[in-house]
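Note sheet for the following structure.
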Amino acid sequence: MSRTNAQKEAKEKGLTHYISQRACPKCGGYQRYAVSGRCSNLECRRKVEAEWRRKNPDKVQQKNRKRKMGYYGLSVDDFDILMENQNNCCAICKKTCITGRALAIDHDHSTNTVRGLLCNKCNQGLGFFDDSIDLLHGAMLYLKQHSE
């Protein structure tokens, strides 16, 4: 039975996987296949996906951006408005992201409310201070005290 026939038969039976009588063209193994046609060999899938990510960096970035925005309930338009309101800069240091990565979506961890967009450095800084105004104020006083 060919892979496509086995695939159709599995779909008709409501199965999620099927065994192919043909070897996977990527890894050469006789593997279980998802009904979608992807090989279930984890190593094979990782190689194929890594190759796709290498060839499609723009699509990967767009996919990751949509996933992150969806987590915080933002649409692409909402994100673009935030970027425009912040002049494409970090809300704290006012610099464009020097790593070339997109700005991080900063949010209140207790309410999950989006506060703004931050560069990785500022986002991690807030995280290291547990988003505590008191700790940040203490750090500010410490730096002022030792800045002479």
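Values quoted throughout were computed directly from the atomic coordinates according to the rules given, and no laboratory measurement underlies them. Note that the structure is predicted; figures quoted are calculated from it, not measured. Cβ coordinates were reconstructed from backbone atoms using ideal geometry, including for glycine residues, and neighbour counts include every protein chain displayed.
Within the range 107-148, the set of residues being of a type in the set (S, T, Y) and surrounded by 10 or more Cβ atoms within 10 Å (Cβ to Cβ) comprises T113, S132, Y142.
Pick from the range 42-87 the residues that are within 26 Å of S110 (Cβ to Cβ) and part of a loop (DSSP other than H, G, I, E, B): which of them is farthest from the chain's Cα centre (by Cα)? Checking each candidate, the answer is Q86.
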